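Asks: Let me begin by handing over the structure; questions about it come next.
The values are calculated or read from the model by the stated rules, or taken from the named source; none is laboratory data. Keep in mind it's a predicted model, so treat the numbers as computed, not measured. Positions of Cβ are generated from backbone atoms using ideal geometry, with glycine treated the same way; all protein chains shown enter the neighbour counts. Surface accessibility is based on the protein's heavy atoms, side chains included, excluding ligands, DNA and RNA. Shrake-Rupley method; radii C 1.70, N 1.55, O 1.52, S 1.80 Å.
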Amino acid sequence: GENVEQHPSTLSVQEGDSAVIKCTYSDSASNYFPWYKQELGKRPQLIIDIRSNVGEKKDQRIAVTLNKTAKHFSLHITETQPEDSAVYFCAASRKAGTALIFGKGTTLSVSS
Amino acid sequence: DSGVTQTPKHLITATGQRVTLRCSPRSGDLSVYWYQQSLDQGLQFLIQYYNGEERAKGNILERFSAQQFPDLHSELNLSSLELGDSALYFCASSVDLTAHTEAFFGQGTRLTVV
């Protein structure tokens, strides 16, 4: 089955810096890669996703890149703010309607 | 509010006991997924139901079972509970199987086994 590795497990940055979180997946048939943000004590929420027919997607300060050949994808957050502090999860899915397989999460701390 | 409702929010029970966690998906969503979140394991997929039928199994223990009812709500049953079953259990729902769509998570049920 699919396995998703996520690095780093913790990341501390200064406000205004950029943050990058990387994930690799094992199943070459995976074609959907969402990122979820989970604030302390809250539910995970989708922040951005990318499909395998696209190499990069951007939404304001957040961008995701996908390298299908290497089977890895990354989340880039620019101009970080304290409210970006949360746990971020990457996930992969091979077919519409199949369960998301998540990485173990990255705890991002943004200090002002 | 995601539209996915989970009850109860907190549950404390003793080892060896059995509990039932309940999930009501968003209106119109046919797929329900159960995930277990523990500190060092992230979000582990347990099981998926689609329109009343089991669709996929992940790392679900034999002591755990689930079902989805005709009104599409789902229940996760955990039996012979062990200390290690203490975790946050999330239910998520999505529309159907035809396209990749956002999975909406409930607020979770925090289970503490003592």
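Asks: How do B:S86, B:S94, B:S27 rank by accessible surface area computed with a 1.4 Å probe, from largest to smallest?
Replies: Sorted by accessible area, descending: B:S27, B:S86, B:S94.
Asks: Please give the residues from the range B:1-29 for which the solvent-accessible area of heavy atoms, probe 1.4 Å, is smaller by at least 20 Å² with all protein chains in place than with the chain isolated.
Replies: Checking the loss per residue gives B:S2.
Asks: Further, regarding this structure: Using the Cβ atoms and a cut-off under 13 Å, what net charge is assigned to the surroundings of B:L21, where Lys and Arg are +1 and Asp and Glu are -1?
Replies: +2
Asks: Could you calculate, for the range A:1-60, the ratio of the Cα radius of gyration to the Kirkwood radius, expressed as Rg to Rh?
Replies: On the Cα set of the range A:1-60, Rg over Rh gives 0.98.
Asks: Let me ask something additional. Need one word for the range A:45-112: rounded, prolate or oblate. Basis is the Cα gyration tensor (sqrt eigenvalues a ≥ b ≥ c); a/c below 1.5 gives rounded, then a/b vs b/c decides.
Replies: Here the range A:45-112 falls in the prolate category.
Asks: When the accessible area of each residue in the range A:84-112 is compared between its chain alone and the complete protein assembly (1.4 Å probe; ligands, DNA and RNA ignored), which residues differ by at least 50 Å², being lower in the assembly?
Replies: Buried-area filter returns A:A96, A:G97, A:A99, A:F102, A:K104.
Asks: How many percent of the accessible area of the range B:72-114 is carbon or sulfur, using a 1.4 Å probe?
Replies: Here carbon and sulfur together make up 55 percent of the probe-accessible area.
Asks: Something else: Counting just the Cα atoms, what span does the protein assembly as shown cover along each of its three principal axes? Round to the nearest Å and put the largest first.
Replies: Between the extreme Cα coordinates on each principal axis of the protein assembly as shown lie 48, 39, 30 Å.
Asks: What distance in nm lies between label points placed 7 Å from Cα along the C-beta direction at A:S12 and B:H73?
Replies: Placing both labels 7 Å along Cα→Cβ, they lie 4.5 nm apart.
Asks: Ignoring ligands, DNA and RNA, how much accessible area is buried between chains B and A, both sides summed, with a 1.4 Å probe, to the nearest 100 Å²?
Replies: 1800 Å²
Asks: Where a Cα-Cα gap under 17 Å defines reach, which lysines qualify for B:K57, not counting those fewer than 8 residues away within the same chain?
Replies: Straight-distance partners of B:K57: A:K95.
Asks: Kindly give Rg over Rh for the range B:22-106, based on alpha-carbon atoms, with the Kirkwood expression for the hydrodynamic radius.
Replies: Across the range B:22-106, the Cα-based Rg/Rh ratio is 0.96.
Asks: How much accessible area per residue does chain B have, in Å², with a 1.4 Å probe?
Replies: For chain B, the solvent-accessible area averages 48 Å² per residue.
Asks: Quickly work out the A:S111-to-A:L40 label distance, labels modelled 7 Å from Cα along the C-beta direction, and quote it in nm with one decimal.
Replies: With each label point 7 Å from Cα toward Cβ, the separation is 1.5 nm.
Asks: On to the next question. Using a 1.4 Å probe over the heavy atoms of the protein chains, calculate the carbon and sulfur portion of the accessible area of chain A as a whole percent.
Replies: After summing per-atom areas, the C and S share lands at 46 percent.
Asks: In what sequence, highest mean first, do B:5-14, A:27-36 appear when ranked by Cβ atoms within 10 angstrom?
Replies: Per-residue mean Cβ counts within 10 Å order the peptides as A:27-36, B:5-14.
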